[in-house]
Amino acid sequence: MKKTLIVLSACLMIASLFIFGCSSAKSDSIKIGVAIPLTGASAQDGEAIKNGVKLATKLINDQGGINGKKIELVVEDDKGDPSEAATVANKLAQDKDISAIVGHFNSSCTLAAAPIYNQVGVVHVSPGSSAAAVSKAGDYTFRVITTDAVQGSSLMNWAVKDLGYKNIAIVYENTDYGAGLAEVVSKAAGDLNTNIVAKEAYEVGSTDFSTVLTKIANSNADVIIVGGLYNETALIAKQKNNYGLSKMQIMGVDAIYSDALIKLGGAAVNGVKLTGYFSEVSKDPVTQNFVSKYKEAYNNTPSTYAAYGYDATLVIIDSIKKAGIDRKAIRDHMATIKDLKGATGSNSFDENGDVIKQPLRLVIQDGKFTITEK
């Protein structure tokens with residue numbers, strides 16, 4: 001019922017937007033919308049994304065902007081809620097001076113907002129939505145994060161083929177993202193002739209994982225694959241020691257890459273392995289420049305979502321530089337982007353607006369994320 005109301009709401013919003021298909025050329029600035037969660041369970045990631053977006057904007061504005069026009073950000077809080085995301089999308093799409101949008105973060109929010117953006121014809125670039133359904137969201141939907149299928153398959157190849165794990169426990173958050181990643185991991189396990197011996201969901205914000213860990217302790221698992229964010233991953237790592245699982249390997253994807261994982265988990269997260277596209281210790285010059293400028297601006301280390309926010313802004317800036325501020329022209333150029341260097345690697349888009357790039361293998365050693373080949 002909730003999904004039906006969201007879709008109906010989005011459709012009613014779309015009906016009022018047809019006159020707003022083009023951006024105005026008369027403005028003294030170039031407006032980019034930003035639709036992210038600044039309150040709610042995902043607020044910490046939303047703030048990181050905002051920081052990345054602001055940094056990319058500052059760097060281009062410090063160089064004189066684009067054709068003498070400075071970029072102006074219009075930031076909206078979607079609260080990580082699909083209904084609010086549709087409302088925010090409606091508001092941004094109605095502003096004819098907004099050329100493109102960075103957003104949304106949560107897959108459920110992107111899927112709720114995408115019909116509005118696509119009907120009106122304004123590009124939005126997600127810095128965090130990895131669910132498979134986003135691939136079919138429309139021609140004006142792009143993302144700089146790879147799909148769950150790419151990340152999950154890469155992670156499982158590492159876990160099974162290279163590390164030799166045979167009995168997999170999946171622990172995932174009860175969201176579109178978590179369920180999608182769990183499904184990908186389950187399919188990959190079947191393809192690799194590996195056993196799924198436990199598959200447990202938890203609610204976002206959970207702090208007690210006793211039930212989940214008791215089941216895993218009785219499952220004969222030799223690795224835990226986490227389909228969630230860093231807060232819960234840190235708690236799982238700390239609490240598993242109480243259930244005879246002190247030597248149990250934890251693995252995940254880029255959603256757990258954050259200094260917060262290390263701060264919350266302490267020594268318990270040493271040895272955690274993950275696939276990802278950003279590492280502050282990367283020797284790539286573009287990544288190192290981003291890390292340096294970010295630390296200078298915010299006096300802390302960027303998370304993976306700060307890097308994704310930065311890259312989402314870069315692809316929009318590149319498209320406006322090359323194609324101008326017309327919304328359709330921006331979309332048409334963005335679809336042709338190949339190997340645009342960013343903080344998370346080289347960005348190219350396929351026919352669905354999905355980014356194409358290869359993940360790094362990372363491990364936490366001595367309280368730091370490091371790149372590993374093992």
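The values are calculated or read from the model by the stated rules, or taken from the named source; none is laboratory data. Worth saying up front: this structure is predicted, and the values here are computed from it rather than measured. Every residue, glycine as well, gets a Cβ built from its backbone with ideal geometry; the counts of neighbours run over all protein chains shown.
Within segment 336-357, the set of residues being free of Cβ contacts under 8 Å to residues at least 40 places away in the same chain and in a loop (DSSP other than H, G, I, E, B) comprises THR336, ILE337, LYS338, ASP339, ASP350, GLU351. The condition (being touching a Gly at 6+ places or on another chain (Cβ under 7 Å), hydroxyl-bearing (Ser, Thr, Tyr) and in contact (Cβ under 8 Å) with a residue 60 or more places away in the chain) is satisfied by just one residue among TYR310, TYR294: TYR310.
Helices (runs of 4 or more DSSP H) fully within segment 152-264 that include at least 1 residues being outside the structural domain of GLY40 (by TED's automatic domain parsing) and within 24 Å of ALA43 (Cβ to Cβ): 176-191, 230-239.
Checking each residue in segment 68-86 for being buried (at least 21 other Cβ atoms within 10 Å of the Cβ) and of a type in the set (A, V, I, L, M, F, W, C) picks out ILE71, ALA85, ALA86. Note on segment 295-315: residues that are crowded, with 23+ Cβ neighbours inside 10 Å and not acidic (Asp, Glu) amount to 13.
Of everything listed in (1) more than 21 Å from the chain's Cα centre (by Cα); (2) within 30 Å of LEU340 (Cα to Cα); (3) not hydroxyl-bearing (Ser, Thr, Tyr), the single unmet condition for LEU261 is (1). Apart from one condition, GLU351 fits all of (1) in contact with a strand residue (DSSP E or B) (Cβ under 7 Å, 6 or more places away or on another chain); (2) modelled with pLDDT of 95 or more; (3) not aliphatic (A, V, I, L, M); the exception is (1). In this structure, does LYS91 turn out to be surrounded by fewer than 18 Cβ atoms within 10 Å (Cβ to Cβ) and either part of a helix (DSSP H, G or I) or within 16 Å of the chain's Cα centre (by Cα) (or both)? For LYS91, the condition - surrounded by fewer than 18 Cβ atoms within 10 Å (Cβ to Cβ) and either part of a helix (DSSP H, G or I) or within 16 Å of the chain's Cα centre (by Cα) (or both) - is met. Identify, please: which residue in segment 43-88 is of a type in the set (A, V, I, L, M), assigned to a helix (DSSP H, G or I) and under 19 Å from VAL315 (Cα atoms) and is, among those, nearest to the chain's Cα centre (by Cα)? Looking at the filtered set, the residue picked out is ILE49. Collect the residues in segment 78-117 that are hydroxyl-bearing (Ser, Thr, Tyr), farther than 21 Å from SER135 by Cβ and touching a strand residue (DSSP E or B) at 6+ places or on another chain (Cβ under 8 Å), keeping them in residue-number order. Scanning segment 78-117 gives a single hit, SER99.
Kindly indicate whether VAL34 is within 17 Å of GLY309 (Cβ to Cβ), buried (at least 17 other Cβ atoms within 10 Å of the Cβ) and in the same structural domain as ASP350 (by TED's automatic domain parsing). Yes: the conditions hold for VAL34. Against the definition (more than 23 Å from ASN157 (Cα to Cα) and among the charged types (D, E, K, R)), how does LYS273 come out, yes or no? Here the answer is no, as LYS273 does not meet what is asked.
Out of all the residues in segment 214-236, is one or more closer than 17 Å to THR344 by Cβ and of a type in the set (A, V, I, L, M)? There is no residue in segment 214-236 that is closer than 17 Å to THR344 by Cβ and of a type in the set (A, V, I, L, M). Taken as a whole, the structure leaves PHE142 outside the set of residues that are assigned by TED's automatic domain parsing to the domain that holds ARG327, closer than 22 Å to THR57 by Cβ, in contact with a Pro (Cβ under 7 Å, 6 or more places away or on another chain) and modelled with pLDDT of 95 or more.
Among what's in segment 198-212 and is in contact with an Asp or Glu (Cβ under 9 Å, 6 or more places away or on another chain) and at pLDDT 95 or above, pick the residue that is surrounded by the fewest Cβ atoms within 10 Å (Cβ to Cβ). Per the stated criteria, the residue is THR207. For segment 94-131, the tally of residues that are within 22 Å of ALA41 (Cα to Cα), at pLDDT 95 or above and assigned to a helix (DSSP H, G or I) stands at 6.
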